[in-house]
Every structure is written in C-alpha cells, then in structure tokens.
1. Might you check whether a residue that is at pLDDT below 95, open to solvent by less than 20 Å² (accessible area, probe 1.4 Å) and not polar (S, T, N, Q) occurs anywhere in the stretch 1-18?
2. Look at the stretch 51-92 and say how many of its residues are in contact with a Ser or Thr (Cβ under 9 Å, 6 or more places away or on another chain), without any contact (Cβ under 8 Å) to a residue 40 or more places away in the chain and of a type in the set (Val, Ile, Thr).
3. Hey, does the stretch 272-286 have a residue that's under 17 Å from Val200 (Cα atoms) and out of contact with any helix residue (DSSP H, G or I) (no Cβ under 6 Å at 6 or more places or on another chain)?
4. Here are some residues: Thr202, Thr215. Which one is touching a strand residue (DSSP E or B) at 6+ places or on another chain (Cβ under 9 Å) and over 26 Å from Arg310 (Cβ atoms)?
5. How about the stretch 296-306: which of its residues are under 13 Å from Val198 (Cβ atoms), in a loop (DSSP other than H, G, I, E, B) and not β-branched (Val, Ile, Thr)?
6. Which ones in the stretch 307-318 are over 10 Å from Leu45 (Cα atoms), part of a helix (DSSP H, G or I) and under 17 Å from the mean Cα position of the chain (by Cα)?
7. Of these, Ala124, Ala66, which one is at pLDDT 90 or above and either surrounded by 15 or more Cβ atoms within 10 Å (Cβ to Cβ) or farther than 25 Å from Gly40 by Cα (or both)?
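The values are calculated or read from the model by the stated rules, or taken from the named source; none is laboratory data. Just so it is clear, the structure is predicted and the values come from calculations on it, not from any experiment. Methodologically, a virtual Cβ is constructed for each residue, glycine included, from the backbone with ideal geometry; neighbour enumeration extends over all protein chains shown. With ligands, DNA and RNA removed, areas are computed over all heavy atoms of the protein, side chains included. Shrake-Rupley method; radii C 1.70, N 1.55, O 1.52, S 1.80 Å.
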Amino acid sequence: MASPEGQSETAPRSAAPPLLDLKLVFVTGKGGVGKTTVAGALALLAAQRGQRVLACEIDPTGALAALFEVGPVGFAPREVAPNLFAMSMDTEASLREYLKHSLRVPLIGRIGPLATAFDFVATAAPGVRDILTVGKLCFEVRERTYDLVVVDAPATGHVVSLLAAPQAINELVKVGLIRSQTDWILQILSDHARTGVVAVTTPEEMPVAETIELTGRLQAETSVALSAVIVNRVLPELFGRREEEVFARLCEPDLAAQLSAAAGGDVGPILDGARLAVTLRRAGAVHLDALRDGLDPTVPLLLLPYLFTRFPGLRTTRQVASALSDELGF
C-alpha cells in the first residue's frame, strides 16, 4: 500500500472531510453511470456557494462543456458560469507550462523537437502523461488560484494508474528535479484534508462491483482517500406497505377495467409502468445493500434521483447540483 512518508501502512484512514471543504476532487465511475454530469454538478454547486472553481475534463470529448451549454473548452480555463471555470487537459500544453514555470524556458508555438522526444518517451512510459496531468491539477491547488478543482477523471479501470503515477515515478527516481516535483505532488495527493476521490455508481450489479473493487485498489495502490460514493439514478419508493396492497388490488382485471372506465381510457400502461418502477426499485435496493456492505462505513454515501432526460444540459446540471446540495445538508 502506498502511504505518505512516516505513516504506517496499516494505519486506518480517518473519516472523510466534508466534500466541498476539499481542494482537489477526482470524480470517477464506470462508463455510463453519469460521472461527468456529477462532476459538473459538484463544480456548479461549489460555485453557487461562492467558491472559485475549476472543472477539468481529462478526456477532451467536450462532454463537460455540453453540461453548461457552452462551446468546446481548451487548456486555457474559460468562465462557463459565475465563479466556475472549465478546461480540457492537454499534456503537451501541460509540458509547455511546466517548462515555463519550473525551468523558465521561453517557448513559442509548438515545442518542436522537444515535443517529438516527449511523444517518444510518453509512448514508452505512459506514466509520463499521467504525471503531467496530475501535476497540472496539483499545481493549481498549490498556487491557490481556485478554491476547488473538480476533475472529470478517467473511468474506474484507469483512474488508479493516474493517481498512482507520482508514487511510481518517486520510487524510480531518488534525486533531482523530477524527484522534487513528485514529492510536492504526493504531498497534495496524500493530504486527505485537501484531496479526495468521488466514486459515482448506479444501483446495478456491475457498477456496484466495480465501485467496491475501486475502493480496495485506491487504498492498496495509492495514497488518495475515497471521500464519497455517489449513487446516481436512484428510483423513488412509490408505495408504502399499505399502498402496495391497494395497488395490487387495482391491478386485478375487474378493478383495472372499472378504473379504466372511470378514467375514460385504458389505465393498463400506467399500472404496468408503476409495476416496473417498483420492480426496478427493489432490484436497485439489493445492490445498494451490497454497496453499503462493501464500503467503509465512514465514507459518505449520497443518493441522486433518476432524472428522465436523454440529453443532459444546463437544466439537468442544475437539478443534479440541487439534489447534491440536499444530500450534503446545505
């Protein structure tokens, strides 16, 4: 297990700090669970509460910009909402910025031969790109340009290698400039009061299993804390026990026919939809129980409602931010 210098590898991790008190949050999850939407909503919520926030997407697909209904964002942060800035990671631009700030090398345009060399090294050692990505994010935290940096991180299958890269480099390089750089990066990543991971899942078997596996890998392979697990697309409980008994009677053919006659139309599809919602809710409850059993009880578990929308935009982002606000007790 990777751990901060001087900390016992068997020392228990303390309870996660309040989510918006962190300075750097990596939002991850299995593909398709809505991690980008949650990352955007978390950033928006913090901005609405007066924090200066940077939202960064690692994969430059433009999905994060779509959440705020703005054009594509680049490496240079741009304001997409009051107090909220967005950027897309670019490792070559990150290298350019690193050379400018750390080595004070004046660079104009493309890096040229250095970029070719970097591409070669990065292909041979993929961790180099991860270092430039994590280093850029930690740099923003160190410089205190923003109150909070929210990262739309890679999916659960890849985020551990991203977060473990500084430790891996640190174990290989014992002295010199690279070692000094990874030292301060690790200090930020290992500080559980400043940095954390938010795992997004849905109440389904595979996403829950991946989330539980991720929690173990984070603890075993990185020094970054799991700050919260957010369960997205949770269906509401439609009926209590007595209401369910009434509903079961209404589904009987004779009563359903009487109900259709009173309503002036066929209520069968409505009853079928309600029955399906109850079934899905119960199936989801089983997976939620498995998730609770597999998590450290000190890790907050937040539930977000199912929003029946096909194309997430600013309205959806605001709705998710509002639901997050409720779950966090604001």
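1. Within the stretch 1-18, one or more residues are at pLDDT below 95, open to solvent by less than 20 Å² (accessible area, probe 1.4 Å) and not polar (S, T, N, Q).
2. Matching residues across the stretch 51-92 total 2.
3. Yes: one or more hits.
4. Thr215
5. So the first thing to find is which residues in the stretch 296-306 are under 13 Å from Val198 (Cβ atoms), and the list is 299-302, 304.
From what is left, the residues that are in a loop (DSSP other than H, G, I, E, B) are 299-300.
Within the stretch 296-306, just Pro300 meets the criteria.
6. Keep residues of the stretch 307-318 that are over 10 Å from Leu45 (Cα atoms), which gives 307-316.
From what is left, the residues that are part of a helix (DSSP H, G or I) are 314-316.
Once the filter is applied, which keeps residues that are over 10 Å from Leu45 (Cα atoms), part of a helix (DSSP H, G or I) and under 17 Å from the mean Cα position of the chain (by Cα), the stretch 307-318 yields only Thr316.
7. Ala66
The rows are residues; the columns are (1) surrounded by 14 or more Cβ atoms within 10 Å (Cβ to Cβ); (2) modelled with pLDDT of 95 or more; (3) in contact with a strand residue (DSSP E or B) (Cβ under 8 Å, 6 or more places away or on another chain).
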position	(1), (2), (3)
Tyr306	yes, no, yes
Thr309	no, no, no
Pro312	yes, no, no
Arg315	no, no, no
Ser325	yes, yes, no
Gly329	no, no, no
